[in-house]
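Just dropping this structure here.
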Amino acid sequence: MSVGKKPLPPAPDGLPVYRPQEVPPGLLHKTALGEKGLKPAAGQKPLGYLRYYRDKLAPLYQESVAVPKRVLSAEHRAKLQQAAARRFACPGCGSDMRDHPAPPWGVPGRCADCAHRTVEQRIAADRAEAVTWAQEVIAGARGAYLLGDTETAWLHGPLCELALTDIRGRRVFSRLINPQADIHPDAQAIHGISNDMVRDAPTFAELFAELSALLAGTRVLFWNADYDVPVLRREAVRHFGLPWSTTGHAAQSAGPTAAHRYEQARQWMATWDSECLMEWHAQFWGAFDPQEWNYRWQKLGGDHRALGDCRTMAQRLAEMSEADSGSSRRGAATKHRRP
Ligand SMILES: [Zn+2]
């Protein structure tokens, strides 16, 4: 465990701090001294610290300088030992947490082994939940789902392409859309949609009735719903006669007409629902990030055209539903196993 590990930084008082395996011979913490019938002598100063359970420090005393404790009855002594054992016992397995290195995953109040097990169990349960969800979505047990994807004229910009497919990736809607603004070269470099391609395409307003009918009562899965849904919300706001990217807050301060138009857009958005496939897939994939205490998002790996991305999403969803919910995780669960 300690091989190749950098020494810990010293304590605020300048004394060295050791991991359990690094404590030099002859240095003991108070409890260990007590177990040998010893206690620090009057005025005896610690020579360093033991770091136990994450960042707690126990002062270490030189055993050869320590003095015998007041002799206790065997009964009293056993009681004290039990109390110490209870205080440092892992609630998971009962082992003495001072014997363990700091848990790598920050599960409070657990020894490193139990912290690891706790996270493993959570990852397995989360994966099983995601597999069940995908199976229910595909079986239609969770209502009418569509897959959706947007391409935009720039990051957070107006729509230049929208596709909707059914849950198997079959085309429901796929159109280039005139964004009524120039497509930024950076965006074009990603999706390949040029100004020429959308010049004669219909506007969102011209597609509005058709889209409203398709979307009504459905739940649309986007790979990153936090991106795509606001794109559509801004289009709806623009459709109902507000300037591009007007927010509800701005609309309310712009007077009753603007507030009314924003309310129309809000009501349209409420005629359909959305969910994020990327979040479910991350939970399924199981690349657990102990810093964030969450799962890392994975790239979709589509072709960055709306219909192609919908079809790739259908593949991801199918893979999730066909997976064994119990085992064979592909994530970072093993990558983060403590050394
Ligand atoms: Zn434990």
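The values are calculated or read from the model by the stated rules, or taken from the named source; none is laboratory data. Small disclaimer: the values here were computed from a predicted structure and weren't measured. All Cβ positions, even for glycine, are placed from backbone atoms using ideal geometry, and neighbour counts span all protein chains on display.
Out of all the residues in the stretch 206-235, which are surrounded by 14 or more Cβ atoms within 10 Å (Cβ to Cβ), part of a helix (DSSP H, G or I) and of a type in the set (A, V, I, L, M, F, W, C)?
207, 208, 211, 214, 215, 225, 229, 231, 232
Quick check on this structure: which one of 122, 117 is farther than 17 Å from residue 31 by Cα, at pLDDT 85 or above, within 12 Å of the ligand (Cβ to nearest atom) and not in a loop (DSSP other than H, G, I, E, B)?
Step by step, each of 122, 117 is checked, and only 117 is farther than 17 Å from residue 31 by Cα, at pLDDT 85 or above, within 12 Å of the ligand (Cβ to nearest atom) and not in a loop (DSSP other than H, G, I, E, B).
Can you name the number of the only condition in (1) over 22 Å from the mean Cα position of the chain (by Cα); (2) within 16 Å of the ligand (Cβ to nearest atom); (3) not polar (S, T, N, Q) that residue 139 fails?
The one condition residue 139 does not meet is (2).
State the number of residues belonging to the stretch 1-18 that are within 25 Å of residue 67 (Cα to Cα) and in contact (Cβ under 8 Å) with a residue 24 or more places away in the chain.
Going through the stretch 1-18 one residue at a time, the tally reaches 4.
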